[in-house]
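K.L.:
The structure is given below, and queries will be raised subsequently.
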Amino acid sequence: MHKTWRRAALAASLSITGALGGLVAAAPAQAQPVASGSVTFSGDQGDYITGGGSYAYSVADGDQLTTSASTDASHVSVNVNGYGGDWWYLDFDAPGSQPLTPGTYENATRYPFNGAGPGLSLDGNGRGCNELTGTFTVLNAVFGPNGYVQTFDATFEQHCEGGTAAARGEVHIANSPAPVPLDLALAVATQGTASTVSGKAVVHGTVTCNQPTSVALYGTVTEIVKKTIVRGDFTTRVDCAPGTPAAWTATASPTGTVPFVKGDVEVSTRAQGYDSEYNQYVEVNDTAVVKLIKG
């Protein structure tokens, strides 16, 4: 059974009461592998999560750690896939949309049902709290764009179901500085052509980028011809490489019987590229007045 599914099933089974009183927080960004880090925790006798045992996981020992943060840096999640088959999930959540900054967060309740207060959750290996109270201290936190976690050090204490027995632990995450995200720039030339034969409009421009990507362009050409609105869509694609503007050309066919003619048109363009560093799409938009000449 896939571990992500198992956690979802566990959360659902434990949340019948809690789900009625709270809202699930927005999902964090895609998890990133941890370059260097460790998660250690132990529990008192009677603690349901740990069973009174001690656990230690480290990238250096062959355990797999992944982490992610929300885009506003208010939530950090750390996942453990132990070399021996253990699996654990650890969540830290600041009150509201406040960023997680160094300091102690008291009176934490179970994430993601913590409402406007701080949230905490350690669960895994088939065990989780239905309700919990706890506290955690963020010692160091450095974030990059798009939910990137560069450095995160924290300690925590968690009590299940109002019990006195506790699970206590710490997490240390160290990654390289955040990669630079994809930056796209879109330009539309101020002159295009209107074909006297086909009635189509041809527009062009350039895109620039700071990392190699294939850029898809979508747009609409709109013109008023003798009080009639003439409109046509276009799509095209161009490969972009850093350092050199990539030229693009696209043709818009009028949707009705009235052709495009020479004169001013409005060109609305959207360019979309894929950021391979952060595994997400980046979009830029432009609206320009373009003069069509006979072509």
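Each reported figure results from applying straightforward, stated rules to the coordinates on display, with no laboratory input. Quantities reported herein were computed from a predicted structural model and do not represent experimental measurements. Quick reminder, even Gly has a Cβ in these numbers, built from the backbone with ideal geometry, and neighbours come from all protein chains shown.
K.L.:
At a 10 angstrom cut-off on C-beta neighbours, averaged per residue, how do the peptides 179-186, 110-117, 287-294 rank from highest to lowest?
P.N.:
110-117, 179-186, 287-294
K.L.:
If each DSSP helix of 4+ residues adds -39,500 (n - 2.57) and the sum is divided by the residues in the chain, what number results at 222 nm, nearest 500 deg cm²/dmol?
P.N.:
Computed ellipticity for the chain at 222 nm equals -1500 deg cm²/dmol.
K.L.:
Using a 7 Å offset from the Cα along the Cα-to-Cβ direction at both Ser36 and Thr101, what is the distance between the two label points in nm, to one decimal?
P.N.:
The two pseudo-label positions are separated by 2.7 nm.
K.L.:
Provide the gained length on full extension for the span Asn210 to Ala247, in nm with one decimal, where the gain is 0.36 nm per separating residue minus the Cα-Cα distance.
P.N.:
11.8 nm
K.L.:
On to the next question. Shape of region 42-105 from its Cα gyration tensor (a ≥ b ≥ c, root eigenvalues): rounded if a/c is under 1.5, otherwise prolate when a/b > b/c, or oblate?
P.N.:
It comes out oblate by the Cα gyration axes.
K.L.:
Right, another one. Multiplying the sequence separation of Arg270 and Glu131 by 0.36 nm and subtracting their Cα-Cα distance, what value in nm do you get?
P.N.:
So the chain would gain 45.4 nm between Arg270 and Glu131.
K.L.:
Any idea what angle helix 3-14 forms with the longest principal axis of the chain, computed on alpha-carbon atoms, 0 to 90 degrees, nearest 10?
P.N.:
For 3-14 against the chain, the angle is about 70 degrees.
K.L.:
Using the reciprocal of the averaged 1/r over all distinct C-alpha pairs, how large is the Kirkwood radius of the chain in Å?
P.N.:
The answer is 22.4 Å.
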